[in-house]
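Presented below is the structure to which this report refers.
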Amino acid sequence: MLDISQKGSERGLTLMESLAAIVIFGIAITAITPPLMMAMAARVRAHRAEQALQIAQSEIDRVRLLMEKGNSGLPSAEFVDLLPPASGAATSNEVAAPTAVESDCTTLADSTNTACAVDIENDGTDDFVIQTFRTHSCESENSQGERIPLGFRMGVRVYTKSSFDAHSGSLGTKQGSLAFSAATTSGKSPLAVMEVPIVRSDLPLSNVIYKSVINGETCEL
């Protein structure tokens, strides 16, 4: 009796048991795959959004530093060319999304419709495009009759290059949601949108200019 019991306990799985195990394994894989894919997509999107914010903030810091230095040592026209292009719009919401992109941005685009390509990975492939513009500008006139911005609201939108390529002409202007989803980074919305006041702080009327910019007003001094 002891020998028979030992032989029975050493039996392998039957064909039905093996098939049942395979089915259960398949169901488990099917159940966990979508959440894993969504988590991976959300992680990639969050990483891209962080890169986009860094690009936007770097451009804002560059323009702010330029304004703090003023146009001393630079011809007025050259100084203005280094600033974001004037939009002519009353608010940033009225500034349309870019419809063209330049890969070699040695200077800023002269139109709000043109964005600048950014190769953040330094691999020879453009990863993002950045659109900059200014609204609510306060300006003064120099002795040559040229208008020099003293303060303005700077707007920045950063899209992925794949987004621009896929939706050029129909891009959105509102920042895309970073909610947990499987949404890709090639949608129509920008990954980063920022708008900040930039005002020279070394002028007697800097406080007046700042208030005008904050209140959404234009002024001439």
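Here, each number is a calculation from the coordinates, and none is a lab measurement. Just so it is clear, the model here is predicted, and its values are computed rather than measured. FYI the Cβ positions are ideal-geometry reconstructions off the backbone, even for glycines, and counts take in every protein chain you see.
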Along each principal axis, Cα extent of the stretch 15-220, largest first, Å: 95, 35, 28
Can you run phi through the Karplus equation (6.51, -1.76, 1.60; θ = phi - 60°) for the stretch 135-143 and list ³J(HN,Hα) in whole Hz, with x for Gly and Pro? 10, 6, 7, 10, 10, 10, 9, 8, 5
Under 18 Å from residue 188, Cα to Cα: aspartates and glutamates that are on another chain or at least 8 residues apart: 50, 94, 126, 127, 165
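Given the peptides 51-57, 78-84, arrange them by the average over their residues of other C-beta atoms within 10 Å, most packed first. Intermediate results must be reported in sequence, preceding the final value.
On the way: 51-57: 19.9, 78-84: 17.1.
Per-residue Cβ counts within 10 Å, averaged per peptide and sorted highest first, yield 51-57, 78-84.
For the peptides 137-147, 191-201, what is the packing order when you average, over each peptide's residues, the other Cβ atoms within 10 Å and list the highest mean first? Show your work: numbers first, answer last.
Values: 137-147: 13.6, 191-201: 19.2.
Descending packing order for the listed peptides: 191-201, 137-147.
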Take each of the peptides 61-70, 150-159, average the number of other beta-carbon atoms within 10 Å over its residues, and list them starting from the highest. 150-159, 61-70
